[in-house]
1. May I ask you to list the residues in region B:200-229 that are over 14 Å from the mean Cα position of the chain (by Cα) and in a loop (DSSP other than H, G, I, E, B)?
2. Can you name the number of the only condition in (1) touching an Asp or Glu at 6+ places or on another chain (Cβ under 9 Å); (2) open to solvent by less than 30 Å² (accessible area, probe 1.4 Å); (3) within 14 Å of another protein chain (Cβ to nearest Cβ) that A:Ile105 fails?
3. Got a number for residues in region B:41-64 being crowded, with 23+ Cβ neighbours inside 10 Å and within 12 Å of ligand 1 (Cβ to nearest atom)?
4. Give me the helices (runs of 4 or more DSSP H) completely within region B:70-178, filtered to those with at least 1 residues that are surrounded by fewer than 17 Cβ atoms within 10 Å (Cβ to Cβ) and free of Cβ contacts under 8 Å to residues at least 12 places away in the same chain, ordered by residue number.
5. Would you confirm, using the coordinates I've provided, whether B:Gly76 is more than 21 Å from B:Glu198 (Cβ to Cβ) and away from ligand 2 (no atom under 16 Å from the Cβ)?
6. List the helices (runs of 4 or more DSSP H) that sit entirely inside region A:1-90 and contain at least 1 residues that are modelled with pLDDT under 70 and either among the small types (Gly, Ala, Ser) or open to solvent by 50 Å² or more (accessible area, probe 1.4 Å) (or both).
7. Would you check if there is a residue in region A:122-133 being closer than 30 Å to A:Ile190 by Cβ and in a helix (DSSP H, G or I)?
8. Taking region A:108-142 as the search range and keeping residues that are surrounded by fewer than 11 Cβ atoms within 10 Å (Cβ to Cβ) and of a type in the set (Gly, Ala, Ser), which one is modelled with the lowest pLDDT?
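The values are calculated or read from the model by the stated rules, or taken from the named source; none is laboratory data. Note that the structure is predicted; figures quoted are calculated from it, not measured. Cβ placement follows ideal geometry from the backbone for every residue including glycine, while neighbour counts extend to all protein chains displayed. To get the accessible areas, we keep the full protein, side chains included, count just its heavy atoms, and leave off ligands, DNA and RNA. Shrake-Rupley method; radii C 1.70, N 1.55, O 1.52, S 1.80 Å.
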Amino acid sequence: MSLITIAGGERLSRSASIAPPPFRLIGRHLRPLAVPIALLAIWELLAHAGVADPRFLPSLEAVVARGVAEFSRSGLGVNLLASLKRDLIGFVCGSVAGIGLGLAIGFSRLIERLLGPVLLVHRQIALFAWVPLISMWFGGGEAGKVVFIALAAFQPTLINTWQGVSGIPRSYRELADVLTFGWFDFARIIAIPGALPQIFTGLHSALIYAWTATVGAELLLNIAPGIGGRMNEGQQLFHMDLLLLCVLLLGGVGVIFNVIAGAVEHRFLRWRIR
Amino acid sequence: MSGPVAISAKGRGKSHALEITDVSKKFSVAGRQVQALSHIHLAVDEGEFVSIVGSSGCGKSTLLRLVLGLDTDYDGDIRVDGHRVERPGLDRSIVFQEHRLLPWLNVEANVAAALRQSGLSAAERGELVRDHLHLVGLDQFAKAHPAQLSGGMAQRVAIARALVTKPRFLLLDEPLGALDALTRLRLQDELQRIVRHEGTTAVLVTHDVDEAVYLGDRIVIMHPHPGRIATVLPVTAAVSRDRSDPNFIRLRDEVLSWLGVSRTGNDAGAELARRSA
Ligand SMILES: Nc1ncnc2c1ncn2[C@@H]1O[C@H](COP(=O)(O)OP(=O)(O)O)[C@@H](O)[C@H]1O
Ligand SMILES: [Mg+2]
C-alpha cells in the first residue's frame with residue numbers, strides 16, 4: 001500500500017490511542033483565530049481607553065451597529081452583491097482567457113516562441129500600472145472595471161497553466177505517442193489533468209487577485225455601486241465606522257474565497273491525496 | 001511455443017511478422033556521435049517470444065523505440081508484414097520498466113485510455129477492459145487509483161493496458177526489473193500464461209538471464225559499443241521450463257558466458273549478471 005495510506009493510518013491510530021483532553025482539541029481548532037481575536041481585543045481596548053480619537057477609531061460595537069443597520073436596509077448588502085458580480089464576471093473572463101492561452105502556449109512550441117517573450121515582459125508590469133491605460137481605452141465605467149479585474153485574474157492563470165502543461169513529463173508525452181493520441185486526447189487525458197494542480201494554483205491566486213482588483217477598480221475608476229464606492233463615501237463623509245466595516249467585509253470575503261478554493265481543489269485533486 | 005495455428009499459417013510463406021534488416025542508429029551527444037545500434041538483423045515470427053539480453057547501454061530500449069515507430073531517423077529497415085514502420089500504431093504495444101500509469105485515472109480508465117483511438121463502441125471498450133483486468137487478476141481493483149496499488153499490481157495494469165488493444169506485438173522493456181524477486185517470479189509465470197492466451201508475438205528486453213531463458217523461444221544476446229547482436233540462441237524443446245533442470249542451467253550458463261560472466265553454475269552468476277547489467 002502507499003506511503004500516504006500508512007501515514008494516514010498512523011495518524012488515525014495515534015489520535016485514537018492517546019486521546020488528548022477535550023480542551024486541547026478545542027484549542028487546536030481555535031488556534032488560527034487567536035491572532036484576529038487578539039487584534040479585535042486590542043482595538044476594543046484602544047477605542048475604550050481613550051487613547052485613540054473615536055472619530056478615527058470607532059469602537060467595535062459602533063462598527064457592528066453600523067453593519068446591522070446597513071444590512072437591515074438594502075445598503076451595503078446591495079453594494080457587496082454589486083462588487084461580487086463585477087468580481088465574478090472579471091474573474092471568469094480573465095481565467096478562461098488565461099487557461100486557454102496557457103494551454104495553447106503549453107501545447108505549441110510555435111505559439112510559445114511567438115508569445116513567450118511578450119508575456120514575460122507583460123508579467124513585469126505592475127497590475128495597477130494598467131489603470132490609466134484601461135480607463136482611456138475602456139472608460140472608467142463598468143467595462144473598464146471588468147477589464148481590469150479580468151487582467152488581474154488572467155496573469156496567474158496564464159503563467160500557472162503554461163508551466164503546468166510544459167511540466168508534463170516526457171514519458172507521458174511518449175505514452176501519448178504510443179497510444180496514438182491526437183492533440184485532443186492528449187489534452188483531455190494527459191495534459192489538462194496533469195496540469196490541473198498548477199491550474200488550480202493559478203485559479204486560487206486569480207480569485208484573490210481579482211477580488212483585490214475589484215476594490216482597486218472601484219476606488220480608482222468611476223464611482224459606482226460596490227464596496228469601493230462605499231469606501232469612497234466613508235472617506236469623504238468621514239464615516240470611519242463604514243470604512244472599517246468595509247475593510248472587515250473585504251477580508252471576510254477573501255477568507256471565504258480561500259475556503260471555497262481549497263474545498264474545490266481538494267475535490268478535484270483527490271487522486272493526489274489517496 | 002507458437003501462436004494459434006490459423007494465424008501462424010497465414011503469416012507463413014511471404015514474410016516474417018517483424019523483420020529488422022541492417023538497422024543502425026546514431027545519436028549525437030554533445031557534438032559527439034554515439035553509435036547506439038550497429039547493423040541489427042532480426043526476424044521474429046508470428047507468435048514467437050523473443051528475449052533480448054545485454055548490458056546497460058547496448059541499445060535495447062533504442063531498438064524497441066524504433067520498432068514502436070517513436071523514432072524513424074535510422075538507417076536500415078523495420079517491417080511489419082512487409083510494410084515499413086512509419087509511426088506508432090495500435091498493432092504494437094509496450095510495457096515500460098516503470099508502469100507509466102496516469103495517476104489521475106483509476107485502473108479501469110488507465111486501461112481504457114489505450115482504446116481511445118480504437119474506433120470501438122463504448123460497450124465494446126468496456127467489455128475489453130473488463131476482460132483484460134480479469135486476465136491480469138485485478139477485477140476487484142477496477143476503481144482503484146495507481147497510488148493505491150503495489151508495484152506488481154501497477155505493472156499488471158500496465159500489461160493489461162498494453163494488451164487491451166489486442167496488439168500483434170507486445171514489446172516489454174525490462175517490465176519486471178523494478179519488482180522484488182518474489183513478485184518477479186510470480187509475474188513471469190503470469191506473463192507467460194497471458195501472452196500464450198492472447199497469442200501475441202512478444203519481444204522481451206531483460207537484465208535477468210533466468211527470465212530470458214524461462215520466457216523466451218529464442219534469446220538474442222547484445223553487446224555494447226556499438227550496440228550489436230552477438231548471437232541468437234534457440235531455447236530448444238529439450239530445455240523444459242524448469243529452472244532447476246540441467247538443460248535449463250546449461251543454457252543459462254551459455255548466455256552468461258556470452259555476456260562475459262564466467263560459468264559458475266550457481267545463482268551467484270545470475271546475480272552478478274543482473275548487477276553488472
Ligand atoms: N535520446 C538519446 N539521445 C542521446 N543518446 C541516447 C538517447 N537514447 C539513447 N541514447 C544512447 O544510446 C545508447 C543505448 O541506449 P539504450 O537504448 O537506452 O540502452 P539500453 O536500453 O540497452 O540500456 C546509450 O549509450 C545511450 O546513452
Ligand atoms: Mg533500456
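1. B:Pro224, B:His225, B:Pro226, B:Gly227
2. Answer for A:Ile105: the failing condition is (3).
3. Final tally of qualifying residues: 7.
4. Values: elements: B:107-113, B:122-135, B:151-163.
Correct list: B:107-113, B:122-135.
5. Details: more than 21 Å from B:Glu198 (Cβ to Cβ): yes; away from ligand 2 (no atom under 16 Å from the Cβ): yes.
Yes, satisfied.
6. In region A:1-90, the matching helices (runs of 4 or more DSSP H) lie at A:3-17, A:22-30.
7. Yes, there is a match, as at least one residue in region A:122-133 is closer than 30 Å to A:Ile190 by Cβ and in a helix (DSSP H, G or I).
8. Checking each candidate, the answer is A:Ala126.
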